[in-house]
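Please read the structure below before turning to the comments.
Quick note: the coordinates plus some simple rules give every number you see, no bench work behind them. Values in this document were obtained by computation on a predicted structure and should not be read as measured data. Cβ atoms come from the backbone with ideal geometry, glycine included; neighbour counts cover every protein chain shown.
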Ligand SMILES: NC(=O)C1=CN([C@@H]2O[C@H](COP(=O)(O)OP(=O)(O)OC[C@H]3O[C@@H](n4cnc5c(N)ncnc54)[C@H](OP(=O)(O)O)[C@@H]3O)[C@@H](O)[C@H]2O)C=CC1
Ligand SMILES: O=C1O[C@H](COP(=O)(O)O)[C@@H](O)[C@H](O)[C@H]1O
């Protein structure tokens, strides 16, 4: 099978740093080859675009896979124009349609600033669409619940849900996928997977990278919209969902949507007590063996300090259903932090009765670490020396490195027509339903915006007055 991929936003950062390298990685698996069509407003012709593709691939992957780079770049076509204009899109679709048998998939990838998504989908509606067209929408999926609903309605008017890909590269991460295997292919975890045995779940994505390089996007987004509304809530859905009947896309997305629907809409009182928002100031962030200085977020070019954009977000959510009643799900993420920590941590309850003298046994903790992917389960065993003195040990395993990486997996899934690495329409809307009240309460100053030095562990909640 061959395929055609139209990238709208073909000169952008996502295309250069993620999509092109991922395409080069998966190209050998696309037997009949791939026709790439790039669309942007830059004043390029096809020759200049081909050179740009080749150059950008070289920057990311060096000379490795030279022949693949040449194949990808050498057949690429370029259409210059505004993506909200149906004539531009039609020209790109016509070029894409010239390749293959007419039955091979044509994919349109919206690698664009999100404000353009709706306009592009409306313009697609005015085009002659190839049969079976698939559309990939990047994030953020709208800016609020209303916007997500409008975008879903626009997409539904143009193509069916099973050809709509609201991709989320976290769903393609090895450890996130492993949550499914761990829970539903083992006898030992699922019977314990509830409030009867679990006292809390942490979903943590701490980054040492700062937001300077993508400031113009990030300043209008912030940590909550950028990471929590989509990625971290998708991880929560995998951790907390009920067992699906099968791993078919419809079964998985139905269970994910159920559990997201069960997430309580956070109240202002709960947010004031448990949520944290922060913004980094100048500091030193670990970098390889050393450290680098990161300027205050507000001093980065393109930042408007008055927007009070958070670079750190922490929220505690409740899942109001039979399984999870009373279990806090703590989601935290931030930029320019002191350590790169990306993990899901399941905290188990203490044993019901302590039979050993001395210090009580530690609680069991299951850690699912992302990138590098590792899993570890803390258990207590009899110690050395005094055999009735307990000792905690970690049962660890490294998980195989994922090849291709998340964007490669996403592209292969799209070409396969598999929506499992994407969010369903309802999931995207639920994400906003959960996050919108947090944004509103934060915007109204219910929770103060706290400074934290770059390189620290994030903002510290002020001690209660009095
Ligand atoms: N960059 C990243 O690390 C990540 C990005 N994303 C998502 O990917 C998407 C793209 O982001 P990113 O690549 O960073 O954005 P950029 O601003 O770097 O690129 C935007 C691209 O869109 C093109 N473009 C903008 N307006 C138009 C228009 N009216 N008509 C035609 N082309 C247009 C630009 O070309 P021109 O200048 O010629 O108009 C450029 O090629 C966003 O949804 C973002 O949230 C997701 C995860 C990570
Ligand atoms: O989507 C995003 O993800 C990255 C972090 O994911 P990674 O797997 O690429 O490290 C985050 O830095 C970025 O802000 C966000 O837009």
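Here the residues 198, 203, ranked from fewest to most Cβ neighbours within 10 Å of their Cβ, fall in the order 198, 203. Here the extension length gained between residue 465 and residue 1 equals 160.4 nm, from 0.36 nm per residue of separation less the Cα-Cα distance.
Pairs of Cα atoms nearer than 8 Å and 6+ residues apart set the relative contact order; for the range 1-88 it is 36 percent.
In the range 3-24, which residues have a backbone nitrogen under 14 Å from the label point lying 7 Å from residue 45's Cα in the Cα-to-Cβ direction? From the range 3-24, the list is empty.
Report, for the chain, the % of DSSP beta bridges that are antiparallel, rounded to 5.
Taking every DSSP beta bridge with both residues in the chain, the antiparallel ones total about 60 percent.
Computed over the range 3-138, the percent of Cα pairs more than 19 Å apart is 45. Here 329, 165 are placed in order of increasing Cβ neighbour count within 10 Å, fewest first, which gives 329, 165.
Working from label points 7 Å from Cα in the Cα-to-Cβ sense, the residue 365 to residue 261 distance is 3.6 nm.
Would the chain count as rounded, prolate or oblate if I go by the C-alpha gyration tensor, calling it rounded below 1.5 in a/c and otherwise prolate when a/b exceeds b/c, oblate otherwise? Judged from the Cα gyration tensor, the chain comes out prolate (a/c at least 1.5, a/b above b/c). Convex hull volume of the Cα atoms of the range 281-381, normalised per residue: 199 Å³. Rounded, prolate or oblate: pick one for the range 266-337, where a ≥ b ≥ c are the square roots of the eigenvalues of its C-alpha gyration tensor, a/c under 1.5 means rounded, and failing that, prolate if a/b is larger than b/c, else oblate. Cα axes put the range 266-337 in the oblate bin. Ordering 449, 110 from the fewest to the most neighbouring beta carbons within 10 Å gives 449, 110. Cα centroids of the range 145-210 and the range 222-281: 8 Å apart. Taking the helices alone, the chain has a mean residue ellipticity at 222 nm of -9000 deg cm²/dmol, built from -39,500 (n - 2.57) per DSSP H run of at least 4 residues and averaged over all its residues. Taking 0.36 nm per residue of separation and subtracting the current Cα-Cα distance, fully stretching the chain between residue 306 and residue 449 would add 50.3 nm. Kindly express, to the nearest 10 degrees and within the range 0 to 90, the angle between helix 425-443's C-alpha long axis and the longest C-alpha principal axis of the chain. Helix 425-443 sits roughly 60 degrees off the main axis of the chain.
Is the shape of the range 235-298 rounded, prolate or oblate, going by the alpha carbon gyration tensor and its root eigenvalues a ≥ b ≥ c, with a/c under 1.5 for rounded and a/b larger than b/c for prolate? Oblate, because a/c is 1.5 or more while a/b does not exceed b/c. Net length available on complete extension from residue 384 to residue 402 is 2.7 nm, with 0.36 nm assigned per residue and the Cα-Cα distance removed. Relative to the dominant Cα principal axis of the chain, helix 249-262 is inclined by about 50°.
Here the spin labels are modelled as points 7 Å beyond Cα on the Cα-Cβ line, and at residue 156 and residue 55 they lie 4.5 nm apart.
Here r is the Cβ-Cβ distance between residue 75 and residue 103 and R0 is 25 Å; the resulting FRET efficiency, rounded to 0.05, is 0.80. Taking Cα atoms only, the orientation of helix 86-97 departs from the longest principal axis of the chain by about 90 degrees.
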